[in-house]
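The values are calculated or read from the model by the stated rules, or taken from the named source; none is laboratory data. Keep in mind it's a predicted model, so treat the numbers as computed, not measured. All Cβ positions, even for glycine, are placed from backbone atoms using ideal geometry, and neighbour counts span all protein chains on display.
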Amino acid sequence: MDPMDTSISHFGNVGIGNIGNGTDAEIEGFRYRVDEICVKVDKLEQRMNEIEQFYLSKSKKLLSTSKGSSKDKDKEKHVPSIKKQQQDASRREAAAAKRMQELMRQFGTILRLIMQHKWAWPFMEPVDVEGLKLHDYYEVIDKPMDFSTIKNQMEAKDGTGYKNVREICADVRLVFKNAMKYNNERSDVHVMAKTLLEKFEEKWLQLLPKVTEEEKRREDEEAEAQLDMQLAQEAAHAKMARDLSNELYELDVHLEDLREIVVQKCRKTSTEEKRKLGAALAKLSPEDLTKALEIVAQNNPSFQATAEEVDLDIDAQSESTLWRLKFFVKDALEVQGKSSAITAGLNNNSNDNNNNINHNNKRKREICDAIAKTAKKKIKKPAS
């Protein structure tokens, strides 16, 4: 393979060559594959951010709560999946609803006993406000209630009915309290309502222990379900983290393979090109020069890129390192050239700035002469 002598125009007078064994289509193909990898990395980063946010919120919760009990630690040994947790939650909800229906059935027995009392007739239907000419009724009573309304809501099948026994209990109390509130204490309706309320409270106290037991059971089940779901989420995120790690490793391998393919497509760097590379390195800004030295250090662990003075033998560098330096220098000088053109246009009359630029260029040329030699030499990095 004959070396290509064509200079890269973006380097000005410094030509360091192109890929010698690859067509433009191949080069574009490499770029396309790298772009694909970058897109994948962006998606992986989004997933990683999700995992980090999960564990960050978890850490905050741990700081605000005490350590888990031995029961919690035992549960960590076996963590059902989130789907299994959702299925279990549905079964628990169904079982709890069935138990609540039984309690409501028992409450219905109490309600029928009250409704069958000889004094219950004034409370069976909604108050006939217009017929009785109770013009101020709605000013005194915020929420009217009666037994027929309660019975209808208990029997509702469209989801608008009562959800638990305490809701029914509250409405039964409201029937009597409304009557006692609107009617004078000495009136028959007030006395009847007060008497029936006392009888209802006696019956309610008999059922209350079962209601309390069910509520406590429901509370414990919900707490346990919440813990199970938390553990399932932790297990799911841990799996996500493992999968991400594997995918990142595969991407690293793919990138390494791609890099090796590119290196194989590249021809050997000639002595003249190494000299031109040294000249190009000298044209870099201090920041870019530091980055270039870091590229060298990546394949040379013993190379001290951050030292005040570094030993750099260009002839000793691998083809991979040389080509990576070429591509980096090309891009850096393109950006640097555009920035210099803008700066020059804005500071045509600034002699002081021109003197500083000339001084820096002189300093870089000195570094260029040092780097371009084929033997090892000392490079004094310019001050940032």
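Can you spot a residue in the stretch 208-216 that is basic (Lys, Arg), under 44 Å from the mean Cα position of the chain (by Cα) and at pLDDT below 90?
First, the residues of the stretch 208-216 that are basic (Lys, Arg): 210, 216.
Applying the additional criterion that residues be under 44 Å from the mean Cα position of the chain (by Cα) yields 210, 216.
After this cut, where a residue has to be at pLDDT below 90 as well, the list is none.
Looking for residues that are basic (Lys, Arg), under 44 Å from the mean Cα position of the chain (by Cα) and at pLDDT below 90, one finds none in the stretch 208-216, hence no.
Might you check whether a residue that is in contact with a His (Cβ under 7 Å, 6 or more places away or on another chain) and either of a type in the set (Ser, Thr, Tyr) or free of Cβ contacts under 8 Å to residues at least 24 places away in the same chain (or both) occurs anywhere in the stretch 164-183?
Scanning the stretch 164-183, I find at least one residue that is in contact with a His (Cβ under 7 Å, 6 or more places away or on another chain) and either of a type in the set (Ser, Thr, Tyr) or free of Cβ contacts under 8 Å to residues at least 24 places away in the same chain (or both), so the answer is yes.
Any idea how many residues of the stretch 147-163 are in a helix (DSSP H, G or I) and either touching a residue at least 12 places away in the same chain (Cβ under 8 Å) or surrounded by 14 or more Cβ atoms within 10 Å (Cβ to Cβ) (or both)?
Qualifying residue count for the region: 7.
Residue under question is Ala94, and the condition is that it be aliphatic (A, V, I, L, M), under 45 Å from the mean Cα position of the chain (by Cα) and exposed (fewer than 11 other Cβ atoms within 10 Å of the Cβ); does it hold? Give the derivation first.
Values: aliphatic (A, V, I, L, M): yes; under 45 Å from the mean Cα position of the chain (by Cα): yes; exposed (fewer than 11 other Cβ atoms within 10 Å of the Cβ): yes.
When the stated conditions are applied, Ala94 passes them.
I need the helices (runs of 4 or more DSSP H) fully contained in the stretch 21-132, keeping only those with at least 1 residues that are among the small types (Gly, Ala, Ser) and modelled with pLDDT of 80 or more.
Where helices (runs of 4 or more DSSP H) fall fully within the stretch 21-132 and carry at least 1 residues being among the small types (Gly, Ala, Ser) and modelled with pLDDT of 80 or more, they are 82-115.
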